[in-house]
Amino acid sequence: MNSQVYYRKWRPSTFHELEGQEQVVTILKQSILKKRIPHALLFCGSRGTGKTSTARIFAKAVNCLSDPENKPCNECANCEMINKGTTLDIFELDAASHRGIEEIRSIRDKVLLSPSSLPYKVYIIDESHMLTEHASNAFLKTIEEPPEHVIFILCTTDPQKMVATILSRCQRHDFKRISTIPMIKRLRHIANEEKININDETLALLANASNGSLRDSETLLEQLYLSYGNNPTIENANVMLGNTIEASNIALEIVYMSLKNQTNEAFKIFNEAVKNGIELKILHENIIRFYRAALIIKSGNSQTLEEAPSIIEKLQQIIAPIEINKLFKFLESVSILNTRLASETPIHLELVILKTANLFKNTETTKKNTNTPQEGFTYPNTKKNRDEVDISINKKQDQPSESLIINSSSNEINENHWNEIITSLSKKRGSRFNLGALLRGAEIGSTKKENNSYIIIFTFKHKSHLERLEEEIKDINIRNIISETIVKTTNLNDNASIEFKLEIETEKTEANIKQKQLSPEAKIVKEALDLGGKLLEENQAN
């Protein structure tokens, strides 16, 4: 009776059986064909991606007696010894439990001995990032210049924790998470061999639940077989995975209703799910998953998604009239929620649904205000030519202006928004100075609008502050930081162009004196000119 679990029983034994790591397999096979075998290899990647299996296959291949193109053959004497574990020349060390300097000293002494039965002695060190700093330092010279008959293979899930001098002495190979299609292919092979009658939809469910780990998906397949026999269904898999698929369907409906601006329906679905005991953390993860899928579909890259065709088709229908910028905001509002908080109480996810609906409502209101003609009066013009501009002054004080940063009566920056801008920029640093501190030394500047371009004037009391900011905004990246902060804080059009003009307070004072000398009739003319109008005719008053 074979009591081995599936991930051990069906562990790949040749390069051909490795799934999803084609780039690593190609390099290793070429090194064998060209007899350029590296003395130290580093395999990096998340759990269940085939690092240790690949190390064992490579150890077998370099010692195989068959033709280079067929290595490893699993038939020659050397391959049989390695498969049975009867050779003393293949060493596997778990660095998580043997991480001290004594173990490394033992290896350092043993590598000097010649192989007992194979051409190469191969040392496979798993979880190598767990080695202590002293052990790593003691290992440096050995791994840099080992004897010709020795090969080291280091496997790790966290290469960032390894000593840099070790990393620089190894040929590094990064193992990626295994995608759904090759994982289903491997699971299908195991299911056929084990006489399990299971459809591809159920295998896809297991593959998605394993998060890129082939070992986890094989364990799930075995668990499904042990629970429901040779004919498991997708409903059985749903129950075994703890309502994962049900949470997925509920999350899809919530996203669907939210994007349709049907907040009440989204709340009903969510509350029903909570009553039925759906895991909130899983629900939150699936909501993020579908918003991400919607964004990718909208960007025209649906072929990169590993989702069911029915899901992609449903999302395509609902996102067709929705702008991509709004999808960005939706995904941001959901992703910013702390996963730990989302799993504790439903209030956090409820707030996310409300925020999503509010984003939708704000977008619709803005579109409606933009398309609705505003009431006002037009300053009369006496000439008709291509340079004429109609000047409209809005009568309604409660109607939102085109930009919250502009005060329509005085063309001054709104003080509340200016304070928010200063606070946001206080967290940003330029090449030499804190941006918020520099602008705190300026008075609230006036804003001039030309088409979709805004000229913002900052007035400084001290020339040194002006010169410092002037020096900072020479860098286009810093200029973009300030512009993006203003746009974000004031809800300006994302495509708006912003330019900055810096002045000393004395210059502003002189301008104010000239303005005070104007008659009330002349002031309205000046405001009209500031809004972009053009003076066509001037008459002297009697």
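The values are calculated or read from the model by the stated rules, or taken from the named source; none is laboratory data. No experiment lies behind these values; they were computed from the predicted model shown. Here the Cβ positions follow ideal geometry from the backbone for every residue, glycine too, while neighbour counts run over all protein chains shown.
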Filter pass, Ile406 being touching a strand residue (DSSP E or B) at 6+ places or on another chain (Cβ under 9 Å), β-branched (Val, Ile, Thr) and modelled with pLDDT of 75 or more: no
Qualifying positions in region 437-480 - among the small types (Gly, Ala, Ser), surrounded by 12 or more Cβ atoms within 10 Å (Cβ to Cβ) and at pLDDT below 75: Gly441, Gly445, Ser446
Members of region 28-60 that are more than 37 Å from the chain's Cα centre (by Cα) and within 20 Å of Val111 (Cβ to Cβ): Lys60
Output for region 158-176, where each listed residue is in contact with a strand residue (DSSP E or B) (Cβ under 8 Å, 6 or more places away or on another chain), surrounded by fewer than 17 Cβ atoms within 10 Å (Cβ to Cβ) and not in a helix (DSSP H, G or I): Gln171, Arg172, Asp174, Lys176
Criterion violated by Lys195 - all others in (1) at pLDDT 90 or above; (2) among the charged types (D, E, K, R); (3) on the phi < 0 side of the Ramachandran plot satisfied: (3)
Filtered residues of region 212-250 (kept if surrounded by 17 or more Cβ atoms within 10 Å (Cβ to Cβ), outside any helix (DSSP H, G or I) and over 32 Å from the mean Cα position of the chain (by Cα)): Pro232
Qualifying residue in region 188-201 (condition: within 27 Å of the chain's Cα centre (by Cα) and in a helix (DSSP H, G or I)): no
Criterion violated by Arg188 - all others in (1) of a type in the set (Lys, Arg); (2) closer than 30 Å to Leu118 by Cβ; (3) without any contact (Cβ under 8 Å) to a residue 60 or more places away in the chain; (4) surrounded by 13 or more Cβ atoms within 10 Å (Cβ to Cβ) satisfied: (2)
Condition check for Glu265: under 30 Å from Lys329 (Cα atoms), out of contact with any Phe, Trp or Tyr (no Cβ under 7 Å at 6 or more places or on another chain), in a helix (DSSP H, G or I) and at pLDDT below 90: yes
Filter result (within 16 Å of Ala251 (Cβ to Cβ) and either outside any loop (DSSP other than H, G, I, E, B) or of a type in the set (Lys, Arg) (or both)) within region 298-326: Ser310, Ile311, Ile312, Lys314, Leu315, Ile318, Ile319
Test: residue in region 198-211 that is crowded, with 19+ Cβ neighbours inside 10 Å, touching a Cys at 6+ places or on another chain (Cβ under 8 Å) and in contact (Cβ under 8 Å) with a residue 24 or more places away in the chain: no
Matching residues in region 306-327 - criterion: being among the hydrophobic types (A, V, I, L, M, F, W, C) and under 14 Å from Ser258 (Cα atoms): Leu315, Ile318, Ile319, Ile322, Leu327
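Please verify whether Ser31 is surrounded by 16 or more Cβ atoms within 10 Å (Cβ to Cβ), free of Cβ contacts under 8 Å to residues at least 12 places away in the same chain and either outside any loop (DSSP other than H, G, I, E, B) or in the same structural domain as Thr156 (by TED's automatic domain parsing) (or both), treating the condition exactly as stated. Please lay out each step first, then the result.
Numbers: surrounded by 16 or more Cβ atoms within 10 Å (Cβ to Cβ): yes; free of Cβ contacts under 8 Å to residues at least 12 places away in the same chain: yes; either outside any loop (DSSP other than H, G, I, E, B) or in the same structural domain as Thr156 (by TED's automatic domain parsing) (or both): yes.
Judged against the criteria, Ser31 is a match.
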Single condition Leu154 does not satisfy, out of (1) in contact with a strand residue (DSSP E or B) (Cβ under 7 Å, 6 or more places away or on another chain); (2) on the phi > 0 side of the Ramachandran plot: (2)
Residue within region 63-72 that is within 13 Å of Asp126 (Cβ to Cβ) and surrounded by fewer than 16 Cβ atoms within 10 Å (Cβ to Cβ) present: no
Looking only at region 144-165, and only at residues there that are at pLDDT below 90 and among the β-branched types (Val, Ile, Thr), the one that is nearest to Gln30 (Cα to Cα): Thr165
Cβ-Cβ under 6 Å pairs, at least 6 apart or on other chains, region 41-57 side closer than 13 Å to Glu92 by Cβ and not assigned by TED's automatic domain parsing to the domain that holds Cys79, far side at pLDDT 90 or above and hydroxyl-bearing (Ser, Thr, Tyr): none
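Can you name the residue in region 73-88 that is in a helix (DSSP H, G or I) and among the hydrophobic types (A, V, I, L, M, F, W, C) and, of all such residues, is surrounded by the most Cβ atoms within 10 Å (Cβ to Cβ)?
If we filter region 73-88 for residues that are in a helix (DSSP H, G or I), which is where we start, we get 77-84.
Cutting the leftovers down to among the hydrophobic types (A, V, I, L, M, F, W, C) gives us 77, 79, 81-82.
Working: Ala77: 11, Cys79: 21, Met81: 18, Ile82: 25.
The extreme case among them is Ile82.
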Test: Ser179 is without any contact (Cβ under 8 Å) to a residue 24 or more places away in the chain, surrounded by fewer than 20 Cβ atoms within 10 Å (Cβ to Cβ) and of a type in the set (Ser, Thr, Tyr): no
Residue count for region 269-313, restricted to those that are in contact with a helix residue (DSSP H, G or I) (Cβ under 9 Å, 6 or more places away or on another chain) and under 21 Å from Pro346 (Cβ atoms): 21
